[in-house]
Amino acid sequence: MTGDTAPAPGPSADPGVVVGDDGLARPAWAATDPLLRQYYDTEWGMAVRDEHGLYERISLEAFQAGLSWATILRKRPAFRAAFDGFDPDRVAGYGDADVERLMADAGIVRNRAKILAAVTNARATVRLRDHGGLADFVWRFKPPETPRPRTFAEIPTTSPQSRALSEALRAQGFAFVGPTTMHALMEAIGIIDTHLLDSHRRGSSGIWPA
């Protein structure tokens with residue numbers, strides 16, 4: 001998830017970090033909503049290196065397209081229940097009846113193209129096991145350097161690596177993996193660190209120095 005899911009302030013109004021009532025500095029998108037704040041403080045930007053975790057994140061990032069991340073985060077328990085815990089093997093076996101079941105589930109985002117993409121991506125994830133697996137595949141695109149933004153406006157929304165990852169995943173049969181979505185994935189799973197320099201979470205993944 002990136003700040004591009006929250007309203008972007010104009011360049012002159014960009015406050016950088018916001019210091020919360022606990023004395024900790026966070027970006028504006030994670031400063032007020034308790035759910036987003038907890039997600040930012042405990043999950044966002046931490047390394048995810050397992051197949052299951054990567055498949056779930058790719059799925060949720062795809063469902064988020066055009067929506068706010070807060071919407072997806074609030075629906076995450078329902079998504080997990082509906083998609084068998086995002087077990088790639090189980091989702092890969094979904095048929096037409098499962099798609100209709102999901103389309104009738106008010107707890108998730110009922111978008112047929114995105115639901116079909118989740119099934120398609122589960123099957124592609126299973127196939128990738130013969131080529132080192134999804135996690136190793138995605139982490140190959142870790143760049144030599146990470147952004148060092150001080151303000152929201154300085155955070156990029158794509159990169160050469162996210163474009164390359166998008167193309168590589170599409171070549172493996174994945175869907176809904178555009179460059180912007182893949183850049184958000186790379187931020188969320190720690191491949192890059194786009195925490196603002198003054199944020200209390202900068203460098204928290206241990207992958208990049210603060």
Would you point out the residue of the range 147-167, among those that are under 28 Å from Leu116 (Cα atoms) and among the small types (Gly, Ala, Ser), that is surrounded by the fewest Cβ atoms within 10 Å (Cβ to Cβ)? Ala164
Consider only pairs whose beta carbons are under 7 Å apart and that are at least six residues apart or on different chains; among these, list those whose first residue lies in the range 87-106 and is farther than 16 Å from Val126 by Cβ and whose second residue is hydrophobic (A, V, I, L, M, F, W, C) and assigned to a helix (DSSP H, G or I). Val99/Ile115; Val99/Leu116; Leu102/Ala82; Leu102/Ile115; Met103/Ile115; Asp105/Ala82
Counting just the residues of the range 25-74 that are over 21 Å from Thr180 (Cβ atoms) and basic (Lys, Arg), which one comes out surrounded by the most Cβ atoms within 10 Å (Cβ to Cβ)? Arg26
When you check Met182 against the structure, is it assigned to a helix (DSSP H, G or I), in contact with a helix residue (DSSP H, G or I) (Cβ under 7 Å, 6 or more places away or on another chain), at pLDDT 95 or above and more than 13 Å from Gly45 (Cα to Cα), yes or no? yes
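For the range 30-50, what are the residues that are among the aliphatic types (A, V, I, L, M) and assigned to a helix (DSSP H, G or I)?
Within the range 30-50, Ala30, Leu35, Leu36 meet the criteria.
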Can you find even one residue in the range 189-197 that is more than 15 Å from the chain's Cα centre (by Cα) and either surrounded by fewer than 18 Cβ atoms within 10 Å (Cβ to Cβ) or at pLDDT 95 or above (or both)? yes
Of the residues Thr180, Thr151, Thr157, which is more than 19 Å from Gly53 (Cα to Cα) and over 19 Å from the mean Cα position of the chain (by Cα)? Thr151
From the list Arg201, Arg170, exactly one residue is crowded, with 20+ Cβ neighbours inside 10 Å and either farther than 22 Å from Asp22 by Cβ or touching an Asp or Glu at 6+ places or on another chain (Cβ under 8 Å) (or both). Which is it? Arg201
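The values are calculated or read from the model by the stated rules, or taken from the named source; none is laboratory data. Note that the structure is a prediction, hence the values are computed from the model and not measured. Note that we place each Cβ from the backbone using ideal geometry, even for glycine, and neighbour counts take in every protein chain shown.
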